[in-house]
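Here is the structure we will look at.
Bear in mind that the values in this text are calculations on the coordinates, not laboratory data. Just so we're clear, the structure is a prediction, and the values are computed from it rather than from any experiment. Every residue, glycine among them, receives a Cβ derived from its backbone with ideal geometry; neighbour counts consider all protein chains shown.
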Amino acid sequence: MRVYKTGEIRNVAVVGHGASGKTSLVDALAFVAGTSKRHGSVKDGTALTDYTPDEIERKYSINLAIGVAEWMDTKLNVIDTPGYLDFTGEALAGVYAADGAVVVVSATGGVEVGTEKVWDYCEARGVPRLFFISLMDKEHAGFEKVYGQIKDRLTPKVIPVEIPVGEGPDFHGIINLFSKKCHMYKKGTKAGEYEEVDVPAEYEARFERYSKELIERIAETDDTLLERYLGGEEIGRDEAIKAMKAGMAKGELFPLFCGAAELTYGTRALLSKMVELLPAPHERPPVEAQKWGSAERLTLRAEDGGPFVAQVFKTISEPHVGDVTYFRVYSGTVKNGQDVYNAPRAAVEKLNHLCVSIGKDRSEIAELHAGDIGVVAKLRDTHTNDTLSTREAPIVLHKIPFPEPVITVAIEVKQRGEEEKLSNGLHKLHEEDPTFQHEYNAELGQTLIRGLGERHLEIIVGRLARKYGVHAVTTKPKVAYRETFRGKAEGQGKHKKQTGGRGQYGDCWIRIAPLPRGSGVQFVDEIVGGVIPRQYIPAVERGIQEAAARGPVAGYPVVDFKAELYDGSYHDVDSNEMSFKMAGILAFRNVSPNCKPVLLEPIMEVEVWTPDEYQGAVMGDLSSRRGHILGTEKDGRLTKVKALVPEAELDRYATTLHSLTHGRGTYRAKFHVYQEVPPEVAHRVIEARKKELEEAKAS
């Protein structure tokens, strides 16, 4: 593959809901352009950009991947992104690496939750977009219906540039409103070839209606054109395309195309319009950056003459290769074998075997110009979201704002002794995928993994086994319960042990009283007259603290109480720190059961975003989880419901919300307060805890 200059590059993210035909479209575009030698298929596991064992087995995209199409002396870096919500981090990375997007909408499924999600990502990023209604050859395909949905649910600024001839199995042609010609396809077309004919008579009225709408909408974006159009002048094709490109850059127009990727119908026109309508890297606004180690801000343009700056937007680990790093050059050029600098990690990296990626194949390239996308293997210290620059001009870019995980499960190895392998594997998987997080929680004694959905975590567990040889199972995460007191009590703790020679003696009297929630544990020294020597008092406090780690109700840590040490006695010879620490432990154990101990549970502040039609179901479900609804408010297209819900009731909530709202609801939860557990729930928790402690003792 030849080296392309900045003006000859288009970076295009192909986004949309799962199963809308994105991967088939990317495969067809690369094949029709001649960059890929085989027309693959998702069904057969041969698609250009779905090549990992996970994707071939499941028949849907999981990772971002790149297919290249060379067309009209331009290199199109076509970024195929997954459509399912569990992998939206990959879609977001694709949108951030791109300068434009093709939003694929299924002619049968229409606008779905994934379409709305990626549309919002593109809106936030401000990238010019065009729509492609795919699967026009499938049963129940409906161009008009989908066009209406896009208008209603995404943007009223959508405008068809093509209309289909026939729908479903009868789909055999596309009328181009710019050229005013009809592209007729023959069965068995290999690479999108067509015969150009006049608009069929039965489509004349429809063509006139759409053609008029298109020219009017284009003219509205430019005062000069509008004046000429209203004056009855005809606007030429080149002028119309130039005006449409300008309108797209300002977010005033979103052209709509259609086709059938498996048959390659509509691919040639789409390739041409991606080149003509989507911006080259230097036509996009400059990106903001910061000089590493200083507060100096700067803006970077996609120019060869600028300092070299690139951002890693994807890392994938491949067997026998190691880490493979995908990066986008934002400024300057980079040559094969060049040393680059990762300033925040103070690491020098050598870009050996600099490549361009076409699906799983990579072809080595001499250099990359500003705006291009490259791939390199075996970087030691560089991961997703890192910036590469030079030692002379160390620069960092804003990080891609990956979505936060919404689901947490515990994970444990099937075979003892594999804990370290598990930890290393999880660390590697997080470096590949920042939306996946993990931690070991010492209090719960569990390794917790977090992701964007059950499907996401299922794939993580599968990768652990396949890539790192760690066989693990997921379990329910434990809840960090607490205990506290509602009453006061006092009593003695006496530790007395007489063996041959020196004995042990410690004696203390304490009062325990409750404190307001969130006060922690307070120790008060009320000893007078030296009944316990000064040096032993801290030992009593340590004993109380240690004993409070396992409370009288169910062995959970005790919080929010005051312990007063007010009396005691000692022995000149037998007393020591250890004896008084034991006395403190015994005093707490003796007194705490008389202080009306109760169980506390963590309460989360939950915010749920849902379409209005599911608001009642969402609120009903939260109430059934012992939730307390705080209120609702409008938030853009959605309604935000705020509630306080016990953490114990939120296990797998993401899955329930997904099914309640047909995938359109999202939520986030943060810790709010510890609150007393209702008696009937407390009884269940205590019984389960008793069993857990007995099992732990037995093993």
³J(HN,Hα) computed for each position of the range 553-565 - Karplus, 6.51 cos²θ - 1.76 cosθ + 1.60, integer Hz, glycine/proline x: 7, 9, x, 8, x, 9, 10, 6, 8, 10, 10, 9, 9
Exceeding the 28 Å Cα-Cα cut-off - candidates Lys22/Lys190; Lys212/Lys634; Lys360/Lys414; Lys273/Lys350; Lys5/Lys151; Lys75/Lys335: Lys212/Lys634; Lys360/Lys414; Lys273/Lys350; Lys5/Lys151
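For the range 482-595, what percent of Cα pairs sit more than 25 Å apart?
Numbers: 1256 of 6441 pairs.
Looking at the range 482-595, the distances longer than 25 Å represent 20 percent of pairs.
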Positive end of the charge dipole of the chain (Lys, Arg +1 and Asp, Glu -1 on Cβ, about the Cα centre): tell me which of Leu271, Val396, Ala696 has its Cα farthest that way. Ala696
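Just to verify a number: FRET efficiency for Glu392 and Ala366, C-beta to C-beta distance, R0 = 25 Å, to 0.05? Please report the intermediate quantities before stating the final value.
Details: r = 22 Å, r/R0 = 0.89.
It comes to 0.65.
Can you give me the relative contact order of the range 1-149 as a percent, contacts being Cα pairs under 8 Å and 6 or more apart? Intermediate values should be presented prior to the final figure.
Numbers: 312 pairs, mean separation 40.7, N = 149.
Taking the mean separation of contacting Cα pairs over the length of the range 1-149, I get 27 percent.
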If Rh is defined by the Kirkwood formula over all Cα pairs and Rg also comes from Cα, what ratio Rg/Rh do you get for the chain? 1.11
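Could you work out the local net charge near Asp152, counting Lys and Arg as +1, Asp and Glu as -1, over the other residues with Cβ closer than 13 Å to its Cβ?
Working: positive: Lys145, Lys151, Arg153, Lys157, Arg637; negative: Glu116, Glu144.
Here the charged neighbours net out to +3.
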Return the whole-Å distance between the Cα centroid of the range 668-699 and the Cα centroid of the range 510-532. 27
Can you give the angle from 0 to 90° between the axis of helix 577-591 and the longest principal axis of the chain, with both taken from C-alpha atoms, to the nearest 10? 80
Measuring from its Cα centre, the chain shows a charge dipole (+1 at each Lys and Arg Cβ, -1 at each Asp and Glu Cβ) which, in debye to the nearest 20, is 1760
Counting only the backbone N, which residues of the range 660-674 are under 18 Å from the spot 7 Å out from the Cα of Ser623 toward its beta-carbon? 660-661
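When the helices in the chain are scored as -39500 (n - 2.57) per DSSP H run of 4 or longer and the sum is shared across all residues, what 222 nm value do you end up with, to the nearest 500 deg cm²/dmol?
-8500 deg cm²/dmol
Pull out a ≥ b ≥ c, the square roots of the eigenvalues of the alpha-carbon gyration tensor of the range 468-525, then state rounded if a/c is under 1.5, prolate if not and a/b is larger than b/c, and oblate in the remaining case. Mind dumping the intermediate values first?
Numbers: a/c = 3.99, a/b = 1.46, b/c = 2.73.
Here the range 468-525 falls in the oblate category.
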Against the longest principal axis of the chain, how steep is helix 143-153, in degrees 0 to 90 to the nearest 10, with axes from Cα atoms? 40
Using a Förster distance of 56 Å, the FRET efficiency for Glu234-Tyr51 (Cβ separation, nearest 0.05): 0.70
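Would you mind classifying the range 407-475 by shape? Square roots of the alpha carbon gyration tensor eigenvalues, ordered a ≥ b ≥ c; an a/c under 1.5 is rounded, otherwise it is prolate if a/b is larger than b/c and oblate if not.
Values: a/c = 1.43, a/b = 1.09, b/c = 1.31.
Verdict is rounded for the range 407-475.
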To the nearest whole percent, what portion of all C-alpha pairs in the range 557-699 is separated by more than 26 angstrom? 49
When the convex hull of the Cα atoms of the range 599-681 is projected onto a plane and the area is averaged over all directions, what value comes out in nm²? 5.2
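Could you tell me whether the range 287-397 comes out rounded, prolate or oblate from its Cα gyration tensor? Rule is a ≥ b ≥ c as square roots of the eigenvalues, rounded for a/c under 1.5, then prolate if a/b exceeds b/c, otherwise oblate.
Details: a/c = 1.97, a/b = 1.49, b/c = 1.33.
Prolate.
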Tell me the net charge near Tyr194. Cut-off is 9 Å between Cβ atoms, Tyr194 excluded, with +1 for each Lys or Arg and -1 for each Asp or Glu. -1
Simple spin-label estimate for His672 and Arg550 in nanometres, 7 Å along Cα-Cβ: 3.4
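For the range 90-240, what is the relative contact order in percent, using Cα pairs closer than 8 Å and at least 6 residues apart in sequence? Mind dumping the intermediate values first?
Values: 196 pairs, mean separation 22.3, N = 151.
Computed over the range 90-240, the figure is 15 percent.
Quote the relative contact order of the chain in percent (integer), defining contacts as alpha-carbon pairs under 8 Å separated by 6+ residues.
With pairs under 8 Å counted, the relative contact order is 9 percent.
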Radius ratio Rg over Rh of the range 8-283, counting only Cα atoms, Kirkwood formula for Rh: 0.95
Linear extension gain, Lys350 paired with Asp198, 0.36 nm per residue minus alpha-carbon span: 49.1 nm
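May I ask you to derive the FRET efficiency for Lys378 and Leu226 from their Cβ-Cβ distance with R0 = 45 Å, giving the value to the nearest 0.05? Spell out each step's value before the answer.
On the way: r = 56 Å, r/R0 = 1.24.
For R0 = 45 Å, the calculated efficiency reads 0.20.
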